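Reading through the structure tokens given below for one structure.
The values are calculated or read from the model by the stated rules, or taken from the named source; none is laboratory data. Quantities reported herein were computed from a predicted structural model and do not represent experimental measurements. Every residue, glycine as well, gets a Cβ built from its backbone with ideal geometry; the counts of neighbours run over all protein chains shown. In case anyone asks, the SASA skips ligands and DNA or RNA and just uses the protein heavy atoms, side chains included. Shrake-Rupley method; radii C 1.70, N 1.55, O 1.52, S 1.80 Å.
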Amino acid sequence: MKKYIHKIKSALDLEELEKLRIEVFGKKGVLATSFAKLKTLANEEKKSYAGELNSLKQELTKVFNAKKDNLLKEHTQKLMQKEGVDVTLFDAACESGALHPVQATMDKIIDYFLNMNYEIQEGPLVEDDFHNFEALNLPQFHPARDMQDTFYFKDSMLLRTHTSPVQIRTMLSKKPPIRVISPGAVFRKDLDLTHTPQFHQVEGLVVEEGDKVSFSNLKFILEDFLTYMFGDVKVRFRPSFFPFTEPSAEVDISCIFCKGAGCRVCSHTGWLEVLGCGMVDPNVYQAVGYENVSGFAFGLGVERFAMLLHKIPDLRSLYEGDLRLLEQFK
Ligand code: PHE
């Protein structure tokens, strides 16, 4: 049986060693059969035979483990040589990536407001009914809740349907003066040419003590912002309704495709709707315990801006990961 010590020592690879393991240590291996012989021996003989066998087993085990260690090391060494990467090599065929158009548009929007001294304020994607609806003057059974078909969890938790709940979180945690934007993902049960279940908004909120903030301030900042985004466009404010602003307006820009002459994209009106806004509703101030303040809020859809900026006809194509689209943004 000593020959196995030699055999193990000279095994060439892990495969050969595994075969030897079965041959020596396996259930029907030489050790097991030798130990089985013990039964057939007389008592005196048993003792010396068992002693020899045990020390042989010990030696075999030691030799085997040492060999296995060696072969494993060799094996990883070879693998590392074969699969190693020389990070100093320059690859001329290496292609650069690009920001996703939605991210790039988001960055451009954020840049404007950071320059105007706004701070960024983020909020959770999983919201509760209070922040997403109730405090925004959308009490239970308010019909405007249906405008934003909601993904609900248990216990009146939900995926936020707009970034407006961050208005509430901001006002609850800070005192005026407030000047923030809240960029982020929002969710609605919607899927067609111009809607995906997840999209992105940027919310704006400005609140000051007293009556310092007026609708003209709101008009100024949004007109300036939209000119920054779209260049030489006309901007108009249309009376509208949001439960959390009063008065409220929707903001249109003159159609960037037909320059206001009327085309399919603007449904032949010459105008494109791009924003919702208004003066913060007194009921919202009440919900957050604010008194004697004035302020405005606005909200916009980032995907809509990206589509207009890059003339992308189908919103869904922004989320298909199709390289033919994405590579155009390098
Ligand atoms: N939260 C509104 C929406 O999702 C947008 C909005 C924000 C309107 C702030 C007015 C003021 O449609």
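Residue check: is Met171 within 16 Å of the ligand (Cβ to nearest atom), in contact (Cβ under 8 Å) with a residue 24 or more places away in the chain and either open to solvent by 90 Å² or more (accessible area, probe 1.4 Å) or closer than 30 Å to Ile221 by Cβ (or both)? Criteria met by Met171. Within the stretch 187-223, the set of residues being modelled with pLDDT of 95 or more, of a type in the set (D, E, K, R) and loosely packed, with under 13 Cβ neighbours inside 10 Å comprises just one member, Asp211. Taken together, Lys28, Lys39 contain a single residue that is under 16 Å from Met1 (Cβ atoms), open to solvent by 70 Å² or more (accessible area, probe 1.4 Å) and among the charged types (D, E, K, R), which is Lys28. In this structure, is Leu20 in contact with a His (Cβ under 7 Å, 6 or more places away or on another chain) and in contact (Cβ under 8 Å) with a residue 40 or more places away in the chain? Answer is no for this residue. Taking residues in the stretch 312-330 that are surrounded by fewer than 10 Cβ atoms within 10 Å (Cβ to Cβ), and partners anywhere that are of a type in the set (Ser, Thr, Tyr), the pairs with Cβ atoms closer than 8 Å and at least 6 places apart or on different chains are Lys330/Ser96. Just to be sure before I move on: is Gly321 more than 16 Å from the ligand (Cβ to nearest atom), over 24 Å from Thr196 (Cα atoms) and either in contact with a Leu (Cβ under 9 Å, 6 or more places away or on another chain) or not charged (D, E, K, R) (or both) in the structure I sent? Here the answer is no, as Gly321 does not meet what is asked. Inspect all residues belonging to the stretch 221-234 and state whether any of them is within 13 Å of the ligand (Cβ to nearest atom), assigned by TED's automatic domain parsing to the domain that holds Asn137 and charged (D, E, K, R). No, the stretch 221-234 contains no residue that is within 13 Å of the ligand (Cβ to nearest atom), assigned by TED's automatic domain parsing to the domain that holds Asn137 and charged (D, E, K, R).
Could we say that Leu125 is open to solvent by 60 Å² or more (accessible area, probe 1.4 Å) and in contact with a Phe, Trp or Tyr (Cβ under 9 Å, 6 or more places away or on another chain) here? Against the criterion (open to solvent by 60 Å² or more (accessible area, probe 1.4 Å) and in contact with a Phe, Trp or Tyr (Cβ under 9 Å, 6 or more places away or on another chain)), Leu125 qualifies. Of the residues making up the stretch 294-311, those that are over 26 Å from Phe329 (Cα atoms) and either open to solvent by less than 10 Å² (accessible area, probe 1.4 Å) or touching a helix residue (DSSP H, G or I) at 6+ places or on another chain (Cβ under 6 Å) (or both) are Gly295, Phe296, Ala297, Phe298. Residue pairs whose Cβ atoms lie under 9 Å apart, separated by 6 or more positions or on different chains, with the first residue in the stretch 289-309 and assigned by TED's automatic domain parsing to the domain that holds Asp192 and the second of a type in the set (Phe, Trp, Tyr) and assigned to a strand (DSSP E or B), are Ala297/Phe242; Gly299/Phe242; Gly301/Phe199; Val302/Phe199; Glu303/Phe199; Arg304/Phe199. Looking only at residues in the stretch 240-264 that are of a type in the set (Val, Ile, Thr) and in contact with a Leu (Cβ under 7 Å, 6 or more places away or on another chain), the one that is nearest to the ligand (Cβ to nearest atom) is Val251.
In the set (1) open to solvent by 70 Å² or more (accessible area, probe 1.4 Å); (2) within 14 Å of the ligand (Cβ to nearest atom), Lys154 fails one condition alone, (2).
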